[in-house]
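Shown next, in structure tokens, is the structure this report addresses.
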Amino acid sequence: MENCIFCKIANKEIPSNLVYEDDYTVAFNDLNPQAPVHVLVIPKQHYSSLNELDDANVMSALLNAVKEVTKKLKITDYRTVINTGKGAGQEVFHIHLHILAGRPLKWPPG
Ligand code: AMP
Ligand code: ZN
């Protein structure tokens, strides 16, 4: 989708620090990391949020990518987050999963 920063990252129109890529997804380091490991996993296809995501193949590809990233980075303890909607803190409207690790992560998050 035009003017979507994460579409541009998926299309390699703007640079990112890529961690993983497959036919359906790319994963890259968050620009403003909230933990020593902070990776974003996105589908190559544009969906604004989880509310719009309606393809089960893409859903499973996203979780598969999380597992590939954590294997690659050799992390077993991590948090995955999907912020959906402004009220939940979503700022980029191309669905993305956050993977956070490398420091103690408390629960509940607050
Ligand atoms: P959210 O608040 O869930 O929409 O998360 C958006 C995330 O995207 C934030 O953690 C930002 O730091 C991150 N972000 C925004 N632009 C970029 C970019 N060009 N490259 C990497 N991460 C980005
Ligand atoms: Zn997009």
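Other residues whose C-beta falls under 10 angstrom from the C-beta of Thr25 contribute a net charge of -3, scoring Lys and Arg +1 and Asp and Glu -1. Look at where the Cα atoms of segment 4-44 and of segment 63-104 average out, and the two centres are 11 Å apart. For segment 54-96, what does the alpha-carbon gyration tensor say about shape, rounded, prolate or oblate, given a ≥ b ≥ c as the root eigenvalues, a/c under 1.5 as rounded, and a/b over b/c as prolate? Oblate is the answer for segment 54-96, as a/c is 1.5 or above yet b/c matches or exceeds a/b. The angle separating the long axis of helix 56-73 from the principal Cα axis of greatest extent in the chain is about 40 degrees.
The helix-only estimate of mean residue ellipticity at 222 nm for the chain, built from DSSP H runs of length n ≥ 4 each weighted as -39500 (n - 2.57), is -7000 deg cm²/dmol after division by the residue total. Pairs to check: Lys8/Lys86; Lys44/Lys106; Lys74/Lys106. Give those whose C-alpha atoms are more than 27 Å from each other in this structure. Among Lys8/Lys86; Lys44/Lys106; Lys74/Lys106, the Cα-Cα distance tops 27 Å for Lys44/Lys106. Loop-resident trypsin sites (Lys or Arg not before Pro) (DSSP state other than H, G, I, E or B) in segment 1-93 with no more than 11 further Cβ atoms inside 10 Å of their Cβ: Lys12, Lys74.
Using C-alpha pairs below 8 Å separated by at least 6 residues, the relative contact order for the chain is 30 percent.
Which shape class applies to segment 1-103: rounded if a/c is under 1.5, otherwise prolate when a/b exceeds b/c and oblate if not, where a ≥ b ≥ c are the square roots of the Cα gyration tensor eigenvalues? Cα axes put segment 1-103 in the rounded bin.
Any read-out appearing in this document is the output of simple, stated calculations on the displayed coordinates, not a laboratory observation. Every value quoted in this text rests on a predicted model; they were computed, and no experiment measured them. So basically every Cβ, Gly included, is an ideal-geometry build from the backbone, and we count neighbours across all protein chains shown.
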